Amino acid sequence: MKPDILKIVAHGDWDGVVGAGLLSRIISVPLEFPLELADLTIENAACIEIIPSRVKSLRNSLIIDHHGTQPRQGMDEMGNEWILEPEYKAVSSLIADHWQLEFPEEWRTAVEGVDSAALDSKLSTVIWKAYRVDPQGFPRQQVAEMVKKGNWKELREWAKKGYAEYQRVEEKTKELLEKSEKLTPESEYFTFQFNDRWERGASKDAMLTLEEKTPIVISVGMEGQRVKGGTIATKKNMNLTKIYEYLRNSGYSSGGHKTVGGFQALENKTLEQTLQDLKAAIKQL
Ligand SMILES: [Mn+2]
(Lines give C-alpha, C1' and ligand atoms only; values in the text may rest on other atoms or scores of the structure.)
Protein backbone atom coordinates (compact mmCIF):
# COMPACT_ATOMS: atom_id res chain seq x y z
CA MET A 1 0.00 0.00 0.00
CA LYS A 2 1.18 3.51 -0.85
CA PRO A 3 2.10 5.56 1.18
CA ASP A 4 3.99 3.56 3.83
CA ILE A 5 1.70 2.95 6.78
CA LEU A 6 3.36 2.57 10.19
CA LYS A 7 0.31 3.12 12.37
CA ILE A 8 -3.42 3.67 12.32
CA VAL A 9 -4.69 6.90 13.88
CA ALA A 10 -8.43 6.90 14.34
CA HIS A 11 -11.31 8.84 15.81
CA GLY A 12 -12.16 7.34 19.21
CA ASP A 13 -15.90 6.84 18.74
CA TRP A 14 -17.56 3.50 17.86
CA ASP A 15 -17.26 4.09 14.13
CA GLY A 16 -13.58 5.05 14.27
CA VAL A 17 -12.65 2.23 16.63
CA VAL A 18 -14.50 -0.44 14.64
CA GLY A 19 -13.03 0.98 11.43
CA ALA A 20 -9.53 0.78 12.94
CA GLY A 21 -10.13 -2.81 14.01
CA LEU A 22 -11.29 -3.76 10.51
CA LEU A 23 -8.41 -2.00 8.79
CA SER A 24 -5.86 -3.62 11.09
CA ARG A 25 -6.83 -6.98 9.56
CA ILE A 26 -4.97 -5.93 6.44
CA ILE A 27 -2.38 -3.53 7.90
CA SER A 28 -1.03 -4.93 11.14
CA VAL A 29 0.34 -1.80 12.81
CA PRO A 30 -0.22 -0.13 16.22
CA LEU A 31 -3.47 1.75 16.74
CA GLU A 32 -3.80 5.22 18.23
CA PHE A 33 -6.96 6.99 19.34
CA PRO A 34 -5.86 10.50 20.30
CA LEU A 35 -8.30 12.49 22.43
CA GLU A 36 -6.66 15.82 21.61
CA LEU A 37 -5.98 16.51 17.94
CA ALA A 38 -4.90 20.14 17.59
CA ASP A 39 -1.19 19.65 18.33
CA LEU A 40 -0.70 16.39 16.42
CA THR A 41 1.89 15.93 13.69
CA ILE A 42 1.03 12.82 11.71
CA GLU A 43 3.10 11.05 9.09
CA ASN A 44 2.92 7.62 7.46
CA ALA A 45 -0.34 6.73 9.11
CA ALA A 46 -3.70 5.46 8.03
CA CYS A 47 -6.01 8.17 9.37
CA ILE A 48 -9.60 7.26 10.05
CA GLU A 49 -11.81 10.36 10.34
CA ILE A 50 -8.69 12.38 11.09
CA ILE A 51 -8.16 15.01 8.39
CA PRO A 52 -5.52 17.75 7.88
CA SER A 53 -7.74 20.60 9.13
CA ARG A 54 -8.17 18.90 12.53
CA VAL A 55 -4.46 18.46 13.32
CA LYS A 56 -1.25 20.49 13.21
CA SER A 57 0.14 18.66 10.21
CA LEU A 58 -0.66 15.51 8.29
CA ARG A 59 1.36 14.14 5.40
CA ASN A 60 2.36 11.00 3.53
CA SER A 61 -0.65 9.26 4.95
CA LEU A 62 -3.79 7.49 3.91
CA ILE A 63 -6.93 9.44 4.83
CA ILE A 64 -10.20 7.54 5.06
CA ASP A 65 -13.37 9.43 5.89
CA HIS A 66 -17.08 9.65 5.17
CA HIS A 67 -17.72 13.26 6.20
CA GLY A 68 -18.03 16.06 3.68
CA THR A 69 -20.14 16.77 0.62
CA GLN A 70 -17.88 15.69 -2.24
CA PRO A 71 -16.17 12.36 -2.80
CA ARG A 72 -12.42 12.62 -3.02
CA GLN A 73 -9.91 10.12 -4.36
CA GLY A 74 -6.19 10.23 -5.02
CA MET A 75 -3.16 12.14 -3.81
CA ASP A 76 -3.00 15.66 -2.39
CA GLU A 77 -0.04 18.06 -2.36
CA MET A 78 1.11 16.75 1.06
CA GLY A 79 1.45 13.21 -0.22
CA ASN A 80 -1.78 12.06 1.37
CA GLU A 81 -3.85 9.46 -0.43
CA TRP A 82 -7.57 10.19 0.06
CA ILE A 83 -10.51 7.82 0.24
CA LEU A 84 -13.45 10.08 1.06
CA GLU A 85 -16.90 8.75 0.30
CA PRO A 86 -19.68 10.86 1.78
CA GLU A 87 -22.45 8.52 0.68
CA TYR A 88 -21.37 6.12 3.46
CA LYS A 89 -23.19 6.39 6.78
CA ALA A 90 -20.10 5.13 8.60
CA VAL A 91 -16.40 4.96 7.90
CA SER A 92 -16.37 1.37 9.18
CA SER A 93 -18.75 0.31 6.37
CA LEU A 94 -16.58 2.16 3.86
CA ILE A 95 -13.47 0.34 5.08
CA ALA A 96 -15.23 -3.03 5.05
CA ASP A 97 -16.42 -2.53 1.45
CA HIS A 98 -13.20 -1.01 0.14
CA TRP A 99 -11.06 -3.92 1.35
CA GLN A 100 -13.83 -6.53 1.20
CA LEU A 101 -13.68 -7.38 4.88
CA GLU A 102 -16.16 -9.51 6.77
CA PHE A 103 -18.40 -7.15 8.79
CA PRO A 104 -21.68 -8.69 9.97
CA GLU A 105 -24.76 -6.84 8.73
CA GLU A 106 -26.13 -6.47 12.25
CA TRP A 107 -22.98 -4.71 13.41
CA ARG A 108 -22.74 -2.60 10.30
CA THR A 109 -26.28 -1.34 10.87
CA ALA A 110 -25.66 -0.78 14.59
CA VAL A 111 -22.49 1.28 14.08
CA GLU A 112 -24.14 3.29 11.29
CA GLY A 113 -27.07 3.89 13.62
CA VAL A 114 -24.87 5.16 16.44
CA ASP A 115 -22.87 7.33 14.06
CA SER A 116 -25.94 9.01 12.62
CA ALA A 117 -27.77 9.23 15.97
CA ALA A 118 -30.51 6.91 14.72
CA LEU A 119 -30.73 4.12 17.29
CA ASP A 120 -33.03 1.94 15.26
CA SER A 121 -31.88 -1.49 16.34
CA LYS A 122 -31.48 -3.14 19.71
CA LEU A 123 -27.74 -3.56 19.14
CA SER A 124 -27.29 0.11 18.24
CA THR A 125 -28.94 1.13 21.52
CA VAL A 126 -26.80 -1.36 23.43
CA ILE A 127 -23.52 -0.12 21.98
CA TRP A 128 -24.50 3.54 22.24
CA LYS A 129 -25.21 3.22 25.96
CA ALA A 130 -22.11 1.10 26.54
CA TYR A 131 -20.12 4.03 25.15
CA ARG A 132 -22.08 6.75 26.92
CA VAL A 133 -21.64 5.23 30.38
CA ASP A 134 -17.93 6.14 30.28
CA PRO A 135 -16.72 7.76 27.02
CA GLN A 136 -13.26 8.53 28.45
CA GLY A 137 -12.74 4.97 29.60
CA PHE A 138 -14.07 3.34 26.41
CA PRO A 139 -11.53 0.48 25.97
CA ARG A 140 -10.65 1.38 22.39
CA GLN A 141 -7.66 -0.95 21.96
CA GLN A 142 -9.59 -3.96 23.27
CA VAL A 143 -12.68 -3.20 21.21
CA ALA A 144 -10.58 -2.79 18.06
CA GLU A 145 -8.80 -6.07 18.82
CA MET A 146 -12.12 -7.92 19.12
CA VAL A 147 -13.20 -6.43 15.78
CA LYS A 148 -9.90 -7.39 14.17
CA LYS A 149 -10.36 -10.99 15.26
CA GLY A 150 -14.04 -10.99 14.42
CA ASN A 151 -14.95 -11.75 18.04
CA TRP A 152 -18.41 -10.19 17.66
CA LYS A 153 -19.97 -12.36 20.32
CA GLU A 154 -17.41 -11.29 22.88
CA LEU A 155 -17.86 -7.66 21.86
CA ARG A 156 -21.61 -7.93 22.29
CA GLU A 157 -21.21 -9.43 25.77
CA TRP A 158 -18.89 -6.60 26.74
CA ALA A 159 -21.31 -3.98 25.41
CA LYS A 160 -24.24 -5.54 27.23
CA LYS A 161 -22.48 -5.03 30.56
CA GLY A 162 -21.93 -1.34 29.86
CA TYR A 163 -25.53 -1.07 28.70
CA ALA A 164 -26.78 -2.52 31.99
CA GLU A 165 -24.65 -0.01 33.91
CA TYR A 166 -26.04 2.82 31.86
CA GLN A 167 -29.60 1.67 32.51
CA ARG A 168 -28.85 1.86 36.19
CA VAL A 169 -27.50 5.40 35.90
CA GLU A 170 -30.61 6.35 33.93
CA GLU A 171 -32.87 5.03 36.70
CA LYS A 172 -30.87 6.95 39.29
CA THR A 173 -31.07 10.08 37.18
CA LYS A 174 -34.85 9.81 37.18
CA GLU A 175 -34.86 9.44 40.97
CA LEU A 176 -32.66 12.50 41.41
CA LEU A 177 -34.85 14.56 39.09
CA GLU A 178 -37.98 13.50 40.97
CA LYS A 179 -36.58 14.78 44.24
CA SER A 180 -35.26 18.07 42.82
CA GLU A 181 -36.78 21.20 44.39
CA LYS A 182 -36.87 24.91 43.84
CA LEU A 183 -34.32 26.80 45.91
CA THR A 184 -35.11 30.30 44.64
CA PRO A 185 -37.38 31.35 41.74
CA GLU A 186 -34.44 31.04 39.35
CA SER A 187 -32.72 27.99 40.81
CA GLU A 188 -33.35 24.36 41.56
CA TYR A 189 -31.33 21.80 43.51
CA PHE A 190 -31.21 18.11 44.31
CA THR A 191 -29.09 16.06 46.68
CA PHE A 192 -27.21 12.84 46.00
CA GLN A 193 -25.07 10.50 48.06
CA PHE A 194 -21.50 11.27 47.07
CA ASN A 195 -20.14 7.83 47.93
CA ASP A 196 -22.69 6.03 45.77
CA ARG A 197 -20.99 5.76 42.38
CA TRP A 198 -24.34 5.36 40.59
CA GLU A 199 -25.79 8.49 42.18
CA ARG A 200 -22.57 10.36 41.55
CA GLY A 201 -22.65 9.41 37.86
CA ALA A 202 -26.35 10.17 37.60
CA SER A 203 -25.95 13.61 39.20
CA LYS A 204 -24.21 14.87 36.06
CA ASP A 205 -26.97 13.69 33.73
CA ALA A 206 -29.63 15.04 36.09
CA MET A 207 -28.00 18.47 36.08
CA LEU A 208 -27.94 18.56 32.28
CA THR A 209 -31.63 17.74 32.16
CA LEU A 210 -32.55 20.36 34.77
CA GLU A 211 -30.47 23.02 33.05
CA GLU A 212 -32.86 22.84 30.11
CA LYS A 213 -35.67 24.38 32.16
CA THR A 214 -34.07 26.17 35.11
CA PRO A 215 -31.54 29.03 34.91
CA ILE A 216 -29.37 27.86 37.82
CA VAL A 217 -28.98 24.22 38.80
CA ILE A 218 -27.22 22.93 41.90
CA SER A 219 -26.37 19.39 42.91
CA VAL A 220 -25.46 18.88 46.55
CA GLY A 221 -23.33 15.83 47.32
CA MET A 222 -24.00 14.37 50.77
CA GLU A 223 -21.97 12.08 52.98
CA GLY A 224 -24.73 10.73 55.15
CA GLN A 225 -26.36 13.78 56.76
CA ARG A 226 -23.38 16.00 56.14
CA VAL A 227 -22.78 18.18 53.09
CA LYS A 228 -19.62 17.27 51.22
CA GLY A 229 -19.87 19.73 48.35
CA GLY A 230 -21.60 20.31 45.10
CA THR A 231 -21.78 21.68 41.60
CA ILE A 232 -23.46 24.84 40.34
CA ALA A 233 -24.19 25.31 36.65
CA THR A 234 -26.13 27.45 34.25
CA LYS A 235 -26.85 27.31 30.57
CA LYS A 236 -27.88 30.96 30.55
CA ASN A 237 -25.49 33.75 29.83
CA MET A 238 -24.77 34.30 33.54
CA ASN A 239 -21.64 34.75 35.57
CA LEU A 240 -21.58 32.57 38.67
CA THR A 241 -18.31 34.00 39.99
CA LYS A 242 -20.06 36.02 42.72
CA ILE A 243 -21.63 32.87 44.06
CA TYR A 244 -18.22 31.23 44.52
CA GLU A 245 -16.93 34.39 46.18
CA TYR A 246 -19.80 34.45 48.67
CA LEU A 247 -19.38 30.76 49.45
CA ARG A 248 -15.65 31.19 50.05
CA ASN A 249 -16.57 33.62 52.83
CA SER A 250 -19.10 31.23 54.31
CA GLY A 251 -17.10 28.12 55.15
CA TYR A 252 -16.51 26.57 51.74
CA SER A 253 -13.80 26.36 49.16
CA SER A 254 -15.36 27.31 45.88
CA GLY A 255 -14.47 28.27 42.33
CA GLY A 256 -14.89 27.50 38.67
CA HIS A 257 -15.83 28.98 35.35
CA LYS A 258 -18.50 31.57 34.62
CA THR A 259 -21.12 28.95 33.87
CA VAL A 260 -20.07 25.95 35.95
CA GLY A 261 -18.24 25.54 39.21
CA GLY A 262 -18.21 23.78 42.52
CA PHE A 263 -17.95 24.08 46.26
CA GLN A 264 -16.70 21.89 49.09
CA ALA A 265 -17.70 22.33 52.73
CA LEU A 266 -14.68 23.13 54.90
CA GLU A 267 -16.64 22.68 58.12
CA ASN A 268 -19.60 20.57 59.16
CA LYS A 269 -22.67 21.81 57.32
CA THR A 270 -26.13 20.36 57.43
CA LEU A 271 -28.21 20.45 54.28
CA GLU A 272 -30.38 23.23 55.79
CA GLN A 273 -27.33 25.40 56.44
CA THR A 274 -25.93 24.85 52.96
CA LEU A 275 -29.27 25.65 51.34
CA GLN A 276 -29.41 28.93 53.30
CA ASP A 277 -25.85 29.72 52.22
CA LEU A 278 -26.67 28.97 48.58
CA LYS A 279 -29.80 31.13 48.68
CA ALA A 280 -27.79 34.04 50.05
CA ALA A 281 -25.06 33.43 47.47
CA ILE A 282 -27.52 33.49 44.58
CA LYS A 283 -28.86 36.85 45.84
CA GLN A 284 -25.42 38.27 45.04
CA LEU A 285 -26.03 37.92 41.30
MN1 LIG B 1 -18.18 8.20 11.44
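The values are calculated or read from the model by the stated rules, or taken from the named source; none is laboratory data. If you're wondering where the values come from, they're calculated on a predicted model, not measured in any experiment. Here Cβ is always computed from backbone atoms with ideal geometry, including for glycine, and neighbour counts include all displayed protein chains.
Kindly indicate which of Ala206, Ala202 is crowded, with 21+ Cβ neighbours inside 10 Å, in contact with a Ser or Thr (Cβ under 9 Å, 6 or more places away or on another chain) and at pLDDT below 95.
Working: Ala206 fails: at pLDDT below 95.
Result of the check over Ala206, Ala202: Ala202.
Residues of the stretch 80-108 being within 18 Å of Leu155 (Cβ to Cβ), within 25 Å of the chain's Cα centre (by Cα) and either within 13 Å of the ligand (Cβ to nearest atom) or surrounded by fewer than 18 Cβ atoms within 10 Å (Cβ to Cβ) (or both), which ones?
Ala90, Val91, Ser92, Ser93, Ile95, Glu106, Arg108
Examine the stretch 19-31 for a residue that is more than 23 Å from Lys148 (Cα to Cα), of a type in the set (Lys, Arg) and away from the ligand (no atom under 13 Å from the Cβ), and state whether such a residue exists. Break it down into steps so the answer makes sense when it comes.
Looking only at the stretch 19-31, we keep the residues that are more than 23 Å from Lys148 (Cα to Cα), and these are none.
Looking through the stretch 19-31, none of the residues is more than 23 Å from Lys148 (Cα to Cα), of a type in the set (Lys, Arg) and away from the ligand (no atom under 13 Å from the Cβ).
In the stretch 200-221, what residues are touching a Gly at 6+ places or on another chain (Cβ under 9 Å) and not hydrophobic (A, V, I, L, M, F, W, C)? Give the steps one after another, and end with the answer.
Filtering the stretch 200-221 down to residues touching a Gly at 6+ places or on another chain (Cβ under 9 Å) leaves 200, 203, 218-221.
Selection gives Arg200, Ser203, Ser219, Gly221.
Return only the number of the condition from (1) touching a strand residue (DSSP E or B) at 6+ places or on another chain (Cβ under 6 Å); (2) in a helix (DSSP H, G or I) that Lys182 does not satisfy.
Lys182 satisfies all of (1) touching a strand residue (DSSP E or B) at 6+ places or on another chain (Cβ under 6 Å); (2) in a helix (DSSP H, G or I) except (2).
State all residues of the stretch 52-79 that are crowded, with 21+ Cβ neighbours inside 10 Å and either within 16 Å of the ligand (Cβ to nearest atom) or free of Cβ contacts under 8 Å to residues at least 40 places away in the same chain (or both); if no residue qualifies, say none. So that I can check it myself, show each step before the final result.
Residues of the stretch 52-79 that are crowded, with 21+ Cβ neighbours inside 10 Å, as a first pass: 58, 61-66.
Selection gives Leu58, Ile63, Ile64, Asp65, His66.
Within the stretch 133-159, restricting attention to residues that are touching a helix residue (DSSP H, G or I) at 6+ places or on another chain (Cβ under 6 Å), within 27 Å of Trp198 (Cα to Cα) and not β-branched (Val, Ile, Thr), which residue is surrounded by the fewest Cβ atoms within 10 Å (Cβ to Cβ)?
Of everything passing the filter in the stretch 133-159, Glu154 is surrounded by the fewest Cβ atoms within 10 Å (Cβ to Cβ).
For the stretch 209-234, how many residues meet the condition of being surrounded by fewer than 21 Cβ atoms within 10 Å (Cβ to Cβ) and within 16 Å of Glu170 (Cα to Cα)?
Here the count works out to 1.
Going by the conditions given, is Leu37 of a type outside the set (Gly, Ala, Ser), modelled with pLDDT of 95 or more and either within 16 Å of the ligand (Cβ to nearest atom) or within 26 Å of Trp152 (Cα to Cα) (or both)? Walk me through how you get there before you give the answer.
Values: of a type outside the set (Gly, Ala, Ser): yes; modelled with pLDDT of 95 or more: no; either within 16 Å of the ligand (Cβ to nearest atom) or within 26 Å of Trp152 (Cα to Cα) (or both): yes.
Spelling it out, it is not the case that Leu37 is of a type outside the set (Gly, Ala, Ser), modelled with pLDDT of 95 or more and either within 16 Å of the ligand (Cβ to nearest atom) or within 26 Å of Trp152 (Cα to Cα) (or both).
Name every residue in the stretch 48-100 that is part of a loop (DSSP other than H, G, I, E, B) and closer than 14 Å to Ile8 by Cβ, in order of residue number. Outline the logic, then answer.
Of all residues in the stretch 48-100, those part of a loop (DSSP other than H, G, I, E, B) come to 49-51, 55-56, 60-61, 66-71, 76-80, 85-90, 99-100.
Once the filter is applied, which keeps residues that are part of a loop (DSSP other than H, G, I, E, B) and closer than 14 Å to Ile8 by Cβ, the stretch 48-100 yields Glu49, Ile50, Ser61, Trp99.
Specify the residue that is nearest to Thr209 (Cα to Cα); the eligible residues are those in the stretch 235-255 that are surrounded by fewer than 21 Cβ atoms within 10 Å (Cβ to Cβ) and either within 26 Å of the chain's Cα centre (by Cα) or at pLDDT below 95 (or both).
Here the answer is Lys235.
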